[in-house]
Amino acid sequence: MSATLSQREKMYRAYCEFFDAGEKKRRWNPFSDVPWEKLNPALNTEEDAICLETFCGVELYIPDYTSNGFALTRHLFGAAWFEATWGYEESKHALVYREYLIRSGLRTEEQYLDYESKVLGKVWKLPFQTRRQMNCYGALQEAATYLIYAQQREKAKVNGNELLEKIYFLVSRDEAAHRGFYQRILQFELEEDHEGAMEDLAHVVFNFVMPGVGLIPEYEDRLEVMGVGITPQYFLQHGVFPLLRLLGTDRAELLKYYRRSKDRKKEAAAEQARRMDGRSAECRRSDPDRAGRQAMPHAS
Ligand SMILES: [Fe+2]
Ligand SMILES: [Fe+2]
């Protein structure tokens, strides 16, 4: 799907604003802007370790996220440059989690490296195939990630773990900014092509899964640990419904477009099947032997 001139212009301006705000307000250094001197291993639990390790694992797929993202966006300045800045910002998340796991003694270096090898032994693939669908996915996934990290930030605060609180504050602030960018682009997409963008949004909402599913070792077991994830109800209330409100839509409209896109796909599949049947019949009429030969590719 190629971008219109107005999409290119809007995307460029949105990226410039995202970049400018990031440079002025959100740049941070995992080594010097985090109060490592406040590290207190006595405050840590195995629950914290599992949360940090799982989050670190999901953040480790930067090479796959960015290579796939660039392939979808390279023709569009604002989107491709966002991908570059986004990748840089996300890269610090895995870095700071890794540092915390090892410096705190929650994991030895050997344990961490073994985990990292298992994580990177699998490859993340695009869950949706177009830039607009991935934009919808980004808005939802960043919202979910923000909510998970914000809960961890509160938990660290209650436990008096100032270091972990600061880490989750810095990382969740980045995720909130990413969510904001994707939401803004989604608003542009709706202005450009309301029906198409709504169908994509509905398709992504109803097929949404977090990036770690099927990749992170023992992911299902990890979800049993408090704080690794959020419940579907919490995600709907605090992630999905606020997004729909911001976009000026609601559940009823989303459902309408979801049904419409499903019907359209069914019709397309039926049409394809009719065409295939028609072609086979044509083929059999014009050369009955040829059809038989084609069914046996090694016979010629
Ligand atoms: Fe992240
Ligand atoms: Fe993010």
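The values are calculated or read from the model by the stated rules, or taken from the named source; none is laboratory data. Predicted, not measured: the structure shown is a model, and the values here were computed from it. Virtual Cβ from ideal backbone geometry, glycine too; neighbours counted across all protein chains shown.
Hey, can you tell me all the residues within segment 148-171 that are surrounded by 21 or more Cβ atoms within 10 Å (Cβ to Cβ) and within 13 Å of ligand 2 (Cβ to nearest atom)?
The answer is Ile148, Tyr149, Val171.
Does Gln152 count as assigned by TED's automatic domain parsing to the domain that holds Tyr100 and closer than 25 Å to Asn207 by Cα? If you could, list the steps in order and put the result at the bottom.
Values: assigned by TED's automatic domain parsing to the domain that holds Tyr100: yes; closer than 25 Å to Asn207 by Cα: no.
The answer is no for Gln152.
So which residues in segment 74-103 are in a helix (DSSP H, G or I), away from ligand 1 (no atom under 16 Å from the Cβ), of a type outside the set (Gly, Ala, Ser) and under 28 Å from Met11 (Cα atoms)? So that I can check it myself, show each step before the final result.
Filtering segment 74-103 down to residues in a helix (DSSP H, G or I) leaves 77-103.
If we keep only those that are away from ligand 1 (no atom under 16 Å from the Cβ) too, we end up with 77-81, 102-103.
Add one more test, that the residue is of a type outside the set (Gly, Ala, Ser), and what stays is 77, 81, 102-103.
Across segment 74-103, the qualifying residues are Phe77, Trp81.
Out of Leu95, Leu39, Leu113, Leu101, report the one residue that is more than 18 Å from the chain's Cα centre (by Cα) and free of Cβ contacts under 8 Å to residues at least 12 places away in the same chain. Talk me through it step by step, then tell me what you get.
Numbers: Leu95 fails: free of Cβ contacts under 8 Å to residues at least 12 places away in the same chain; Leu39 fails: free of Cβ contacts under 8 Å to residues at least 12 places away in the same chain; Leu101 fails: free of Cβ contacts under 8 Å to residues at least 12 places away in the same chain.
Going through Leu95, Leu39, Leu113, Leu101 in turn, the sole match is Leu113.
Which of the residues that make up segment 239-274 are acidic (Asp, Glu) and free of Cβ contacts under 8 Å to residues at least 24 places away in the same chain?
Residues of segment 239-274 acidic (Asp, Glu): 250, 253, 263, 267, 271.
Those that are acidic (Asp, Glu) and free of Cβ contacts under 8 Å to residues at least 24 places away in the same chain: Asp250, Asp263, Glu267, Glu271.
Out of (1) at pLDDT below 90; (2) exposed (fewer than 11 other Cβ atoms within 10 Å of the Cβ), the odd one out for Gly248 is which?
Against the list (1) at pLDDT below 90; (2) exposed (fewer than 11 other Cβ atoms within 10 Å of the Cβ), Gly248 comes up short only on (1).
Give the residue, chosen from Leu126, Leu72, Leu120, Leu101, that is in contact with a Cys (Cβ under 8 Å, 6 or more places away or on another chain), assigned by TED's automatic domain parsing to the domain that holds Ile167 and more than 15 Å from ligand 2 (Cβ to nearest atom).
Details: Leu126 fails: in contact with a Cys (Cβ under 8 Å, 6 or more places away or on another chain); Leu72 fails: in contact with a Cys (Cβ under 8 Å, 6 or more places away or on another chain); Leu120 fails: in contact with a Cys (Cβ under 8 Å, 6 or more places away or on another chain).
One residue alone meets the criteria, Leu101.
If the requirement is being over 26 Å from Leu95 (Cβ atoms), in a helix (DSSP H, G or I) and among the hydrophobic types (A, V, I, L, M, F, W, C), which of these qualifies: Ala14, Ala49, Ala21?
Ala14
Would you check if there is a residue in segment 121-129 being over 17 Å from Leu39 (Cβ atoms), buried (at least 22 other Cβ atoms within 10 Å of the Cβ), in contact (Cβ under 8 Å) with a residue 60 or more places away in the chain and within 14 Å of ligand 1 (Cβ to nearest atom)? Let's see the steps before the verdict.
First pass over segment 121-129, keeping only residues over 17 Å from Leu39 (Cβ atoms): 121-129.
Next cut, buried (at least 22 other Cβ atoms within 10 Å of the Cβ) only: none.
No, because not a single residue in segment 121-129 is over 17 Å from Leu39 (Cβ atoms), buried (at least 22 other Cβ atoms within 10 Å of the Cβ), in contact (Cβ under 8 Å) with a residue 60 or more places away in the chain and within 14 Å of ligand 1 (Cβ to nearest atom).
Taking only segment 179-235 into account, find how many residues are part of a loop (DSSP other than H, G, I, E, B) and closer than 26 Å to Thr73 by Cα. Please lay out each step first, then the result.
Kept after step one, since they are part of a loop (DSSP other than H, G, I, E, B), are these residues of segment 179-235: 193, 207-218, 223-231.
After this cut, where a residue has to be closer than 26 Å to Thr73 by Cα as well, the list is 193, 207-215.
Selection size over segment 179-235: 10.
Determine whether Ile216 is within 14 Å of ligand 2 (Cβ to nearest atom), in contact (Cβ under 8 Å) with a residue 24 or more places away in the chain and not assigned by TED's automatic domain parsing to the domain that holds Ser261.
Working: within 14 Å of ligand 2 (Cβ to nearest atom): no; in contact (Cβ under 8 Å) with a residue 24 or more places away in the chain: yes; not assigned by TED's automatic domain parsing to the domain that holds Ser261: yes.
No: the conditions fail for Ile216.
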